[in-house]
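The numbers here are math on the coordinates, done by the rules we state, and not lab data. Because the structure is a prediction, the values reported are computed rather than measured. Every residue, glycine as well, gets a Cβ built from its backbone with ideal geometry; the counts of neighbours run over all protein chains shown.
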Amino acid sequence: MSAANSLAALAKPRWWEAALWLLLLALPWLWPTHALLISEITIIALFAMSLDLILGYSGIVSLGHAAFFGMGAYTAALFAKHLHPDPLWGLLVALLVTAMLGAVCSLGVLRGSDLTRIMITLGVALILQELANKLDWLTGGADGLQGVIMGPVLGRFEFDLYGQTAAWYALVVCGLVFVLLRRLVHSPFGYSLQAIRDNRLRAQAIGIPVHARLVAVYTLSAALAGLAGGLQAQTTGFASLDVFGFDRSADVLLMLVIGGTGWLWGGLIGAVVFKTLHSVISAWTPQYWTFWLGLFLVLLMLVGRERLLRPWTWGRTS
Amino acid sequence: MLTLLFDGVAYGMLLFILAIGLAVTLGLMNFINLAHGAFAMAGGYTTVLLMQHAGLPFLVCVPLAFVVTALLGALMEATLYRRMYNKPHLDQVLFSIGLTFMAVASVDYFVGSTQQLIQLPEFLKGRTEWLDGALGMGHYRLAIIGVCAVLAVVLQLLLVRTRFGAQLRASVDNQRVAAGMGIHVNKIFLSTFAVGSGLAGLGGALGAEVLGLDPIFPLKYMIYFLIVVAVGGTSTLTGPLLAALLLGIADVAGKYYVPKLGAFIVYALMMAILLWRPQGLFARDSR
C-alpha cells in the first residue's frame, strides 16, 4: 500500500463517528428544554477543537486563546449591530478578521521558549481585553455590547427563545469544522505538524518548512476560535469583556486536557465533561467551585493527564 | 515628574522581590510556576491576620511572613512540586493554575473577599518633599526601596560569594553535570524554592499597602511577575532587577500620563521586547 493510500485510509470517517454526529444533530429535537445548554457546549467544544489544533497537534502552549474567541465574538456582534444582521455573513467576517489577527500573532509564537510563547499569547488576550474595555464608544466597555439583533439563518430559520435554532446552527457549524479538521489532521500537512511537535529540529532537517507550517496552523486555529466566538455572540446576542478573560483560556485548556489532546473528539468530550462538572459543583457550592476545579487539576497533573482516559493504569506508579 | 520616577522605582523594587523567586524556579528547575503569586498572597495575609488577631506590630509581622511562606514553600516543594519537574510545560502550567485557583478560593472562604488594609506604624506614614515639592517621597515607599535594595545586594553576594551560590549557579547552568560533581541538586532545589517563596511572601507583606491585598491577588499580578522574568531572563539577578524597575516605572508613568490606556502600555512594551528578543532583554544568547 502506498503512503498516500494509507493516509487516505486513516482519514476515512468511521461509521460510529457518523452515527454519533447524527445523534448530536438530533439532540435539540430530542431534548428541547436544554437547547441553550446544547448550543453553549457545542460552541466551547468548537473552541476547544481550535486550541487542540495548535496545542495537541503542533505543541504550542497557549494561555491566551480567548483572544481569538473574544475577537470573533466582538466582530460578529459589531457586524450584526452596525452592518448586516445576517448570521452567516457575520460568521464569515469574524472568521476572516480573527484569521488576520492570528496570522499577525503567529509571528510571535515562532521563536523563543515555552515561557515566551505563554507570555505572548497571554499578552495578546490582555491587550485586547484592555482595548475592549477602553474603547467604550465602540464596544460598550465594561457593560458589554448590547442590543445585537440577529436576522434569521439562511433567511429562513429565526432564532427562537428556547434556543433550538441556535443549537442546530452551532451544531451544524461545529460538525462542518469537525469534518474539515478530520480531513486536515490526516493529511500530509497534519502529519508534518505532528512531526514538528515531536521534534522541531528533526522536522526541519527532513525538509519540513517549520515556520510556514506553524504560521498556517496558528492562523487556522485562530480563525476557528474566532468562529466559535462569533457563534457565541450570535446565539446569545451579547458580547462582554469576559470573552477575553484568562479564565476562559484556562478553562478551555482544561477541557482539552480532560478530553485528551491530539485527538479531535477530545475537545467535544472535554467540553461535555467540563460543563457537567461545572454545573454539578457550582450547584453544590456556587462561590467556591474554583477550589474543586483547582484540586481536580492538581490531582490530574500529579497522576498524569494521559492516564485519565485509561482507568486501568491508575493503580500503577509512574 | 521626579515623584513619579520615585514611585515607579519603589514599585519596581517591590516587583523585583516578588518575582525573583519565580526567576530562580524557572532558571533552576525549568518550571513555569504560575502559582508564585499565591505565595506572595500567603505572606500578605499572614501579616494582616497576625496584626489583626495577634496584635503583633508590623515590623515583627513582616519577617514572620517571610518565615511562614518559606516553610510553606519548602513543604509544597517536597510534597508536590518535586513530582512535576520532569513533566512537560503544559502540565506544569495547568498544575500551578490549579494551585492558584485553590489558593484564591480558600482565602475567599476563610478570610472573605474584601480588600485587606494594613495599619502602618506612625513613623512610616509621613512624606518628605525635596526640591520645592518636585520630589515627594512617601516614607513607606522609601523604606521599601531601602529594604529591597539591601535584599538585592545580599542576594547578589549570596549568589556570587558563597559556596551555596556557586553550587546554585552550577545547578542552573547544567543540572546533570552539577549532580555528577557531587552537588546535592535536590537540596539546592528545596532551599532555593523555600527562599524564593519566602521572598515572595515578604514582598506580599510589604506590598499589601501599595498593591492592595484581596483573594484574586495571585491572578491579578501573575502577569507582572511573568513579565519580569520573561523580560529579565533567568541567568542573572541584574536582569530581573532592571526588568522590574523598567516595568514599575513604565506602569506608574503610563497610568499617570495616559490613564485612558491603563495597563495597555505595559503589555504592549512587553510584547515589543519579547518580539525583539524572545529570550529576554538581558539573557545570555544561548544556554
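Near B:Leu135, the amide H atoms lying under 5 Å from its own belong to B:Trp130; only residues 5 or more places off or on other chains count, and H is placed 1.01 Å from N.
Close amide H pairs (under 5 Å, H built 1.01 Å from N) link A:Ala239 with A:Leu145, residues at least 5 positions away or on another chain. In a simple Cβ point-charge model (Lys, Arg +1; Asp, Glu -1; nothing else charged), chain A has a dipole of about 1120 debye relative to its Cα centre. The distance linking the stretch B:180-253 with the stretch A:94-145 is 25 Å (Cα centroid to Cα centroid, whole angstrom). Across the stretch A:176-185, coupling constants 3J(HN,Hα) worked out from phi with the 6.51/-1.76/1.60 Karplus curve, θ = phi - 60°, read 4, 4, 4, 4, 4, 5, 4, 5, 5, 6 Hz, and Gly and Pro carry x.
The angle separating the long axis of helix B:36-49 from the principal Cα axis of greatest extent in chain B is about 50 degrees. Within the listed set A:Leu20, A:Leu126, A:Leu78, the residue fluctuating most in the Gaussian network model of chain A (springs between alpha-carbon atoms under 10 angstrom) is A:Leu20. Entry note, the stretch A:36-193: relative contact order of 32 percent, from Cα contacts under 8 Å with a spacing of 6+ residues.
Evaluated with a Cβ-only charge set (Lys, Arg +1; Asp, Glu -1), the stretch A:76-202 carries a dipole of roughly 680 debye about its Cα centre, given to the nearest 20.
Taking θ as phi - 60° and the Karplus parameters 6.51, -1.76 and 1.60, the scalar couplings of the stretch B:10-26 work out to 4, 4, x, 4, 4, 4, 4, 4, 5, 9, 4, x, 5, 4, 5, 4, 5 Hz in sequence order, x denoting glycine and proline.
Helix B:217-232 and the long axis of chain B differ in direction by around 70°, with both axes built from C-alpha atoms.
Which shape class, rounded, prolate or oblate, goes with chain A when its Cα gyration tensor gives a ≥ b ≥ c as root eigenvalues, a/c under 1.5 marks rounded, and past that a/b bigger than b/c marks prolate? Cα axes put chain A in the rounded bin. Between the helical axis of A:15-30 and the longest alpha-carbon principal axis of chain A there is an angle of about 20 degrees.
Look at the alpha carbon pairs under 8 Å that are at least 6 residues apart: their mean separation over the length of the stretch A:1-126 gives a relative contact order of 25 percent. Between amide H atoms placed 1.01 Å from N, distances below 5 Å from B:Ala263 occur with no residue 5 or more places distant or on a separate chain. Our coupling estimate for the stretch B:167-172, obtained by passing each phi through the Karplus curve with A = 6.51, B = -1.76, C = 1.60 and θ = phi - 60°, is 5, 4, 5, 5, 5, 5 Hz, Gly and Pro reported as x.
Estimated purely from DSSP H runs of n ≥ 4, each contributing -39500 (n - 2.57), the mean residue ellipticity at 222 nm for chain A is -23000 deg cm²/dmol once divided by its residues. Distance from the C-alpha centroid of the stretch A:204-228 to that of the stretch A:3-69: 18 Å, rounded to the whole angstrom. Max-minus-min Cα coordinates of the stretch A:233-303 on each principal axis give 40, 32, 20 Å, with the largest extent listed first. All other residues whose Cβ lies under 15 angstrom from that of A:Thr165 are scored, Lys and Arg at +1 and Asp and Glu at -1, for a net of -3.
Near B:Ile223: Cβ cut-off under 13 Å, other residues only, Lys/Arg at +1 and Asp/Glu at -1. The net charge is -1. Across all Cα atoms of the protein assembly as shown, the radius of gyration (one decimal) and Dmax (whole number) stand at 25.3, 87 Å. Rounded to the nearest Å, what's the spacing between the alpha carbon centres of the stretch B:27-77 and the stretch B:84-138? Just the number, please. Each part's Cα centre sits 10 Å from the other's. Please state the shape class of the stretch A:1-131: rounded when a/c is under 1.5, otherwise prolate if a/b exceeds b/c and oblate if not, all from the C-alpha gyration tensor. It is oblate, given that a/c is not under 1.5 and a/b is not larger than b/c. Across the stretch B:31-160, the relative contact order, built from alpha-carbon pairs under 8 Å that are at least six residues apart, equals 25 percent.
Annotation for the stretch A:74-165: trypsin sites (Lys or Arg not before Pro) lying in DSSP loop with at most 16 further Cβ atoms inside 10 Å of their Cβ are A:Arg111, A:Arg156.
For the stretch B:74-131, the list of chymotrypsin sites (Phe, Trp or Tyr not before Pro) that fall in a loop by DSSP and count at most 16 other C-beta atoms within 10 angstrom reads B:Tyr85. Mean residue ellipticity, 222 nm, helices only, chain B: the sum of -39500 (n - 2.57) across DSSP H runs of n ≥ 4, divided by residue count and rounded to 500, is -23500 deg cm²/dmol. Per-residue shielding of A:120-128, expressed as the average number of other chain Cβ atoms within 10 Å of the residue Cβ, stands at 5. In this Cβ point-charge picture (+1 for Lys and Arg, -1 for Asp and Glu), the protein assembly as shown has a dipole of about 1900 debye about its Cα centre.
Looking at the square roots a ≥ b ≥ c of the eigenvalues of the Cα gyration tensor of the stretch A:82-156, which shape do they give, rounded for a/c under 1.5, prolate if a/b is larger than b/c, or oblate? Verdict is oblate for the stretch A:82-156.
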